[in-house]
Every structure is written in structure tokens, then in C-alpha cells.
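Derivation of every value follows stated rules applied to the coordinates shown; laboratory data play no part. Computed from a prediction, not measured in an experiment: that's the story for all the values here. In this analysis, Cβ positions are derived from the backbone assuming ideal geometry, glycine residues included, and neighbour counts consider all displayed protein chains.
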Amino acid sequence: MKRLIVYFSWSNNTKNLVEEINKEFDFDTVRIEREIPYSTDYNTCAYVEAKEEWDKKIYPKIKENHIDFTKYDKILLFFPIWWYTFPMPIATFISELKQYAGEVYLFANSYTKDPQYMINVITNAKTINPNIVFKEGLFNKSTDEHIQFIKEIR
Ligand SMILES: Cc1cc2nc3c(=O)[nH]c(=O)nc-3n(C[C@H](O)[C@H](O)[C@H](O)COP(=O)(O)O)c2cc1C
């Protein structure tokens, strides 16, 4: 059973979380990056770039990651909540997961704890790629809770 962590992170909260969790597991890890990086200025990133992508459902190009996904049977996908759901580079990633037959667990974090976010994430993921089995991971939980949860995934 081989697992892969895939994550997107803009201000590195998700990156730090993934790194802490992965001290326990040492899974292969890949970071999703938008081919044209988002602005480092919050207002530009949030209210111009990310907002426009979400409103217009633009799937931004992401950097080639040279991963053979068929080697893995579980992908643990981590991301921040952007505009009540996942950032659009995650939409691109999900839409491009064509040859993958395993499961994808969704792990989100955000500034506020609105339970609707995880519902949006799962609904939107299934709409984008109905061929993938998406599973609910955790939302805004601690490193230890993630480690425990991941150990219990079968
Ligand atoms: C473009 C953008 C949109 C965001 N939208 C939301 C939101 O809708 N709800 C929320 O609670 N937090 C929102 N946030 C806050 C992030 O989800 C939160 O800070 C997260 O921990 C950032 O993760 P990162 O450091 O890995 O990028 C947003 C942040 C950005 C940059």
C-alpha cells in the first residue's frame, strides 16, 4: 500500500502542517504550483486572482510534477480553503487525474471553521472528476489528529 501526499499552499500553513505530519510517515510528497505564481500580495491574490478564477471557473495551468500516480493507491490531498472551497489549482489537479484508480482523501484548513467548507470541497471535487473516489479527511485539525487519522486509514 503506497501513499502520496499532494498539497497546495500559498502562505505555507498547509506546507508546514504537511511537513509536521510527514515526519511521522515519510511518504512521497509533491507540491502543486500554479505555472504563473499568484501574487505575494494578499489583496491581489485573494480579491483579484483567486476570486476571478473561482467566479469564472478558470482552471489555471499547474507545473508538471512527473509523478506516476499509478504507483499509489491513496493520495492525501491537502489545501487551504479559498473562497469557501479549494483553490483552483486543486481543481486543475483533480481534473487531470485520469489514470489514477485509487482513493483521494481531502484535508482542508482555513481561517474560519465553517463546516460548510468541507461539504463544498467534496461536492465540487466529485463534480470535477466523477471517476475518482473522494473521501473526507480532516478539516482544521491538529498535527496529532492528522497523524492518528492517517494511521487509521485502511
Ligand atoms: C485567496 C484566499 C482565499 C481565502 N478564502 C478563505 C475563506 O473563504 N474562508 C476562510 O476561512 N479562510 C480563507 N482564507 C484563509 C486561508 O484558508 C488560511 O489562511 C489557510 O490556512 C492558508 O493556508 P496556506 O498558508 O497553506 O496558503 C483564504 C486565503 C486566501 C489567500
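Overview of values
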read-out	value
Residue that is farthest from TYR117 (Cα to Cα) [pool: residues in the range 51-93 that are among the aliphatic types (A, V, I, L, M) and either outside any helix (DSSP H, G or I) or near the ligand (Cβ under 8 Å from one of its atoms) (or both)]	ILE67
From TYR111, TYR117, residue being buried (at least 18 other Cβ atoms within 10 Å of the Cβ), under 18 Å from TYR7 (Cβ atoms) and hydroxyl-bearing (Ser, Thr, Tyr)	TYR117
Search result, residues across the range 8-33 that are under 20 Å from GLU64 (Cα atoms) and more than 8 Å from the ligand (Cβ to nearest atom)	PHE27, ASP28, THR29, VAL30, ARG31, ILE32, GLU33
Cβ-Cβ under 8 Å pairs, at least 6 apart or on other chains, the range 29-43 side touching a residue at least 60 places away in the same chain (Cβ under 8 Å), far side in a loop (DSSP other than H, G, I, E, B) and among the aromatic types (Phe, Trp, Tyr)	ILE32/PHE8
Residues of the range 34-50 that turn out to be of a type in the set (Val, Ile, Thr) and not in a helix (DSSP H, G or I), as a count	2
Residue match in the range 3-26 (condition: over 24 Å from ASN140 (Cα atoms) and within 13 Å of the chain's Cα centre (by Cα))	no
Cross-chain or 6+ apart pairs with Cβ under 9 Å, the range 129-148 first and without any contact (Cβ under 8 Å) to a residue 40 or more places away in the chain and of a type in the set (Asp, Glu), then surrounded by 13 or more Cβ atoms within 10 Å (Cβ to Cβ) and assigned to a helix (DSSP H, G or I)	GLU136/MET118; GLU136/VAL121; GLU136/ILE122
Hits in the range 130-147 (condition: in contact with a strand residue (DSSP E or B) (Cβ under 9 Å, 6 or more places away or on another chain), surrounded by fewer than 20 Cβ atoms within 10 Å (Cβ to Cβ) and not in a helix (DSSP H, G or I))	ILE132, VAL133, LYS135, GLU136, LEU138, PHE139, ASN140, LYS141
Selection within the range 98-124 - of a type in the set (S, T, N, Q), in contact (Cβ under 8 Å) with a residue 12 or more places away in the chain and not in a helix (DSSP H, G or I)	GLN99, ASN109, SER110
Among (1) in contact with an Asp or Glu (Cβ under 8 Å, 6 or more places away or on another chain); (2) within 16 Å of the ligand (Cβ to nearest atom); (3) farther than 15 Å from PHE8 by Cα; (4) not acidic (Asp, Glu) - the single one VAL48 does not satisfy	(1)
